[in-house]
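For reference, the structure discussed in these notes is given below.
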Amino acid sequence: MNFIFDMDGTICFKGRPISKNILDCLLELQEAGHFIGFASARPYRDMLPVLDERFHDHLLIGANGAMAHYQGKPLYLNAIPAELAREIVAILDEFQAEYLIDDKLNYALKSHRPHPLLMSLDQNKLAERVDVSRIEAFVKIVVLACDRFKELADIISRLDVTIHYHSAEGILDITSNNVNKMRGLEQTALGLEPFICLGNDMNDLPLFEKALHSVVIGEFAPLLHIAKEQIPVDDRVEQTIISKLKELSA
């Protein structure tokens, strides 16, 4: 079977790396003949630090489906068209928003205060912080803060882009039109259907809609409506996940 995992809030928590116990379990699944892949809101650069090196060559679908790497090499990239991206940046500046722009590896950052998301930014020191003018591919734009957040989100939603609101962090992800994790999985052309997926937030919904079996971690209502199973986030969440994976892979 093919297993596709979201990361933050699903198999890693509070920005910490995925635990060795969970990673060891995933390797056991792989050794038993199952395929293990990951699909995250994080760009490729920021997926690597929460995985140990045993998983760096696995399928890594990043930026909510805007990019993917497999066996350490890029598979595809769906960037926001440059002219549209510059229009978005101009709107963000007009609203005096704080934001992060992810390139293929480098990033641009306009922020004057701490934000939880920035704790996971380029932890492996693979990238360079650059000016917006030096961004080559606008893979994802993240609105970190804005005093007129709702008004800004309404304006951005009218553009030819995909937006994801992440409830846990209170941030808005902007990617190119028709970008999502399921479309990203299809773009890999690896033939990974049917699949089982685990997730916890709105950006996992397209995967849940197509999965053979789905497990929601936590209580995000839109996923609860279609998930086959739920695992609560409590002191035993990691052990419960491991037990469930062993059951599903038997």
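Each reported figure results from applying straightforward, stated rules to the coordinates on display, with no laboratory input. For clarity, every value in this text was computed on a predicted model and none was experimentally measured. Neighbour counts are summed over all protein chains in view; Cβ atoms, including those assigned to glycine, are modelled from backbone coordinates with ideal geometry.
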Spelling it out for F13: with amide H atoms placed in the peptide plane at 1.01 Å from N, the residues 5 or more places away or on another chain with amide H under 5 Å from its amide H are none
Quick one: what are the phi-derived ³J(HN,Hα) couplings along segment 113-125, Karplus 6.51/-1.76/1.60 with θ = phi - 60°, whole Hz, x for glycine and proline? 8, x, 9, x, 4, 5, 5, 9, 7, 6, 5, 8, 6
With each label point set 7 Å from Cα along the Cα-Cβ vector, what nm distance links K73 and D235? 4.9
Share of antiparallel DSSP beta bridges in the chain, in percent to the nearest 5? 55
Once the Cα atoms of helix 20-31 and of the chain are each reduced to a long axis, what angle between those two axes, in degrees from 0 to 90 to the nearest 10, is obtained? 70
Could you order the peptides 15-28, 224-237 from most to least packed, using the average number of other C-beta atoms within 10 Å per residue? 15-28, 224-237
Can you tell me how much longer the chain between L27 and E136 gets when fully stretched, taken as 0.36 nm per residue apart minus their C-alpha distance, in nm with one decimal? 35.7 nm
Just from its helices, what would the mean residue ellipticity at 222 nm be for the chain, if runs of 4 or more DSSP H residues each count -39500 (n - 2.57) and the sum is divided by every residue, rounded to the nearest 500 deg cm²/dmol? -7500 deg cm²/dmol
Structure-derived volume of the Cα convex hull per residue in Å³ - corresponding label in (1) 175; (2) 121; (3) 286: (2)
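Would you mind getting me the FRET efficiency between R148 and S243? Use the beta-carbon distance for r and R0 = 45 Å, nearest 0.05.
Working: r = 46 Å, r/R0 = 1.01.
Once rounded, the FRET efficiency stands at 0.50.
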How large is ³J(HN,Hα) for each residue in segment 59-76, as worked out from phi by the Karplus curve 6.51 cos²θ - 1.76 cosθ + 1.60 (θ = phi - 60°), to whole Hz, x for Gly and Pro? 5, 10, 8, x, 6, 6, x, 7, 8, 8, 10, 8, 6, x, 10, x, 9, 7
